[in-house]
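The structure appears right after this line, and notes come after that.
The values are calculated or read from the model by the stated rules, or taken from the named source; none is laboratory data. Because the structure is a prediction, the values reported are computed rather than measured. Counting neighbours? That spans all protein chains shown, and the Cβs are built from the backbone with ideal geometry, glycine included.
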Amino acid sequence: MNKDHLVKSPIKAPIADKQPEVLELYGDRRIDNYFWMRDLENPKVIAYLEAENAYTTAMMQQTQGLQAKLYNEMLGKIKETDLSVPYRKDDYYYYSRTEEGKAYQIYCRKKGSLESPEEVLLDENQLAQEHEFFSLGVFDISPNHQILAYSVDTTGSEQYTLFFLDLNTYQLYSETIPDTYVSFAWANDNQTVFYTKIDAANRPYQLFRHNLGTALAQPAVGIAQDVLIYEEPDDTYHLYVDKTRSQGYLLMILQSSITTETHYLDANQPHGDWQLFQPRTTGIEYSLDHHSDYFYIVTNEAATNFKLMKTLVTSPAKENWQTVIPHQEEVLLSGVSLFANHLVIYERQGGLQTGRVRNLTTGEENNITFPEPTYEFSEGSNPEFNTNILRFYYTSLITPQSVFDYDMETHQRELKKETEVLGGYDKNHYQSQWLMATAEDGTQIPISIVYKQGIKKDGKNPLLLTGYGAYGYSYSATFSSNRLSLLDRGVVFAIAHIRGGEEMGRKWYEDGKLLHKKNTFTDFIACAEYLIAEGWTKSDTLAITGGSAGGLLMGAVINMRPELFKVVVAYVPFVDIVTTILDTSLPLSAMEWEEWGNPNEQAYYEYMKSYSPYDNVAAKAYPDLLITAGLNDSRVKYWEPAKWTAKLRDMKTDNNILLLKTNMGAGHSGASGRYESLREIAFEYAFILDRLGLGNT
C-alpha cells in the first residue's frame, strides 16, 4: 500500500501557527511545536483531527472488504442472545443477558428460584438510545433489594451521573448526582449511601453521605443536605469507598500508587464517626477486610510480596497484629477473600495465579490447580458471606471464559458455563506455551504464546506481540474469540510478561518503574529477539501492539529499535510523558510521580526524557504505524497521540504508512457497545493483516 498512489498526504500540522510551550528545567529550553493541539477552542485542532481521520479512511479504503469479512467472522463467533450465570444474594438470583441486535446488557433478577418470573432491573440499551457513547458505572442494589443505585457516562470522559431507581414502582428518585466516580456503598439502613466525587482533574477526592429522598447540596440556595465526610487534599491520592463482604463495615480508602490509609465505619451506624485504622506511611500499602471479631490486613510492611495479618476489631493498633500468612520470597500474596467458614488465598507463583482455600475452623488447606501452561484465574461474583461455595472464573489462550462453583468443604468444582464460541470452535486445534526469553541483564522474561496446530518454527510466521509493563498490572493470558480471526490466518499471538507488571512478584514491578523503567522496554525487545532467534517469526513479519502505558512501550521500542518491527498499533498511547506529568492540572499527573518519577527533579527529568517517545522521535525510518486516540479521553488526552503523529510525520524518513484514528465521541476505552467495538477491532486487525501481506486472506 503506497500512500502516494492512493491519496494526498494529510494536512501537515502547522508549526508556524503553534502556541509553544517553553519548559525552563535545569538550563534545558524545550519548545513543543505542537502544543497548540491542546486548545479545543482553536478550530484548527478539530480540523486537523478530522483531516487525519479522512486520510486514515482513504488509506484504508482498499481494506473495506477485509474489514467487513473480519467483522462478520468475529460477530459470527458470538452467541448474541446469551445469559450470564446467575449468582444468589439472599432470596434473589441476579444475572445479565444480551439479545441479538442489541449492543448493551440487560440486568435482571428472579426471586426465590430460577423458575420464577424475570424482573428486568435495567436495560442499558434503553439508556444508551440517544447517545453515541454509553458506559454503566455503579450498579449497586440496597441491602433490602428494593432500590438500585446506578451511574452512567455518556461521553467517555469517565464523569458519571448517579441515579436511584425504586424497584417497587420503577420510578426514579428526584435526586441525581453529577461528577461522581465509580465508587459507592450502601449503609445497612437502606436509606443512607456514600459516594465519591471527582475534582477538575477527574480525581476522586471527596466522600459524601446522602440520605435518599433529600435534596442535594445547593449552596447557592442555602441547601446543604449531603454531608461531606472527607476531602483528600493531596493530589497523589485517590479516595474510594467500599463495604466488607460481611456487611459489617464501610471502608474509606485513601490510596496513592505506593501508600494506603483506610478509615472504617459500622455499617449499622451510618451517621457515626469514621475511625482511622492505620495512618498513611509512605511506601506502606494495606487492604482491610472483616470477619467476626477480627479485621484482616494484607500489607507489604516488611514484606515485599505482602503478608496477611489479623487483629481484633476492638484493638486495631499495630502492636496487636497477629500473623496469618507470613511473607514469602518467591510467592506474591495477591489478595484474600473472607467467607463465614473459609479464607480464600490468591497468590502468584512462577508467573501464574494460584489459589488455596483454608478452613477457618480446622486450618485445613486445599489448593485450586489448573492443567494449562498459561492461564488466568480470578474470583467471580460472591456476594454471599455465609456460603461454602466459591465462584471463580478461569480462562486461557485456548479455553473460553469459564465459570466454576467450587465447594470449599468437599473441594469439588462444578463447571457452570463455558462461553460458547459459535462456528465449531475446537480448542484442540490450537496450542499454547509458556516460554522464557533472556533479557540484557540475564533475567528470564516469560512469554505466553498461542498458535494454530501445524505452525512450523521456520522463521516465516506472522506474529503479533503485545505487552504492557506498568503499574504492577499482570497481563492476563485470556481467551478471545476475536483473536481466532488472526490465528486461523496463521498469525502467532504472544504476550511479553515484562518487568513493570507483577507476574513474577512485587520486585518484578519495582524493577520496571522509576529509574528502572527502561527494563520494561529492553525486556520487550529481548522477547522479540528471542521469538525471531527461535524461528517463530522474523522482523519483516513481526507486528506489535500496546495501549495507554503499553502505547508508551510501543513508542519507546520503535525509537530504540525501529528495524526490529514491521507493524505497530499504539492504542491511546501515553507518549508525551514529561510534559504531561509536569502538568498537575491533568488527570493522574501528580499520582504518576510515584510510578515514573517527579520530573521536577533533575535525575528523573533527564531519565524520563531519555525514553519519552514524543521527545525522542528522530529523523529515521519507522515501521508502519496505526495510532488511535479518543477525543474525550480523560486518562491520556487526545493531544498526546495527535502530537506524536504530527512529529513523526515531520521527521520520519521512510515511506511507510502512518495513520491516526481519533474516535470523536469516546474516551480511553474506545467505542462502547459490542457492535461498534467489533468494528474498531476489525479495522485494527485489517491494518495489521494488510501490512503483513495477508490482506487477501
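Annotations
- Residues being among the charged types (D, E, K, R) and touching a Ser or Thr at 6+ places or on another chain (Cβ under 8 Å) are entirely absent from segment 309-316.
- GLY665 passes every criterion in (1) more than 25 Å from VAL45 (Cα to Cα); (2) touching a Leu at 6+ places or on another chain (Cβ under 8 Å); (3) small (Gly, Ala, Ser) apart from (1).
- Criterion: crowded, with 19+ Cβ neighbours inside 10 Å and farther than 23 Å from HIS290 by Cβ - qualifying residue of THR410, THR354, THR399, THR369: THR399
- Residues satisfying the stated conditions in segment 113-136, i.e. hydrophobic (A, V, I, L, M, F, W, C) and either over 18 Å from GLU99 (Cα atoms) or not assigned by TED's automatic domain parsing to the domain that holds LEU165 (or both): LEU114, PHE133
- Against the list (1) out of contact with any helix residue (DSSP H, G or I) (no Cβ under 8 Å at 6 or more places or on another chain); (2) not in a loop (DSSP other than H, G, I, E, B), the condition SER634 fails is (2).
- Answer residue from segment 434-458, given it is aliphatic (A, V, I, L, M) and in a strand (DSSP E or B) and is surrounded by the fewest Cβ atoms within 10 Å (Cβ to Cβ) among those: MET436
- Residues of segment 161-180 that turn out to be in a strand (DSSP E or B), free of Cβ contacts under 8 Å to residues at least 24 places away in the same chain and not acidic (Asp, Glu), as a count: 5
- Residues located in segment 313-344, provided they are over 29 Å from the mean Cα position of the chain (by Cα) and part of a loop (DSSP other than H, G, I, E, B): VAL313, THR314, SER315, PRO316, ALA317, TRP321, PRO326, ALA340, ASN341
- Flag for THR214 being buried (at least 18 other Cβ atoms within 10 Å of the Cβ) and polar (S, T, N, Q): no
- Residue match in segment 253-261 (condition: among the aliphatic types (A, V, I, L, M) and in contact with a helix residue (DSSP H, G or I) (Cβ under 6 Å, 6 or more places away or on another chain)): yes
- Screening TYR160 against (1) in contact with a Leu (Cβ under 8 Å, 6 or more places away or on another chain); (2) buried (at least 21 other Cβ atoms within 10 Å of the Cβ); (3) more than 25 Å from HIS290 (Cβ to Cβ) leaves a single unmet condition, (1).
- Scanning segment 637-660 for residues that are over 23 Å from ALA682 (Cβ atoms) and of a type in the set (A, V, I, L, M, F, W, C) gives TRP639, ALA642, TRP644, ALA646, LEU648, MET651.
- Qualifying residue in segment 301-312 (condition: over 26 Å from the mean Cα position of the chain (by Cα) and among the charged types (D, E, K, R)): yes
- Residue match in segment 350-364 (condition: at pLDDT below 95, outside any strand (DSSP E or B) and of a type in the set (Val, Ile, Thr)): no
- Filter result for the condition that a residue is farther than 22 Å from SER157 by Cα and β-branched (Val, Ile, Thr), over THR628, THR653: THR653
- Top-ranked residue of segment 424-468 - restricted to ones that are more than 22 Å from TYR375 (Cα to Cα) and either among the aromatic types (Phe, Trp, Tyr) or touching a helix residue (DSSP H, G or I) at 6+ places or on another chain (Cβ under 6 Å) (or both), ranked as modelled with the lowest pLDDT: GLU440
- Listed conditions (1) at pLDDT 95 or above; (2) over 25 Å from the mean Cα position of the chain (by Cα) are all met by LEU136, apart from (2).
- Looking across segment 285-308 at every residue that is surrounded by fewer than 17 Cβ atoms within 10 Å (Cβ to Cβ) and not hydroxyl-bearing (Ser, Thr, Tyr), the one that is farthest from ALA340 (Cα to Cα) is identified as ALA302.
- Those residues of segment 309-337 which are farther than 23 Å from GLU502 by Cα and in contact (Cβ under 8 Å) with a residue 24 or more places away in the chain, in sequence order: PRO316, LYS318, TRP321
- Where strands (runs of 3 or more DSSP E) sit wholly within segment 226-295, those with at least 1 residues that are charged (D, E, K, R) and either free of Cβ contacts under 8 Å to residues at least 40 places away in the same chain or farther than 19 Å from LYS318 by Cα (or both) occupy 227-231, 238-243, 260-266.
- In segment 19-90, counting only strands (runs of 3 or more DSSP E) that sit wholly within it, the ones holding 2 or more residues that are at pLDDT below 95 and acidic (Asp, Glu) span 21-25, 28-32.
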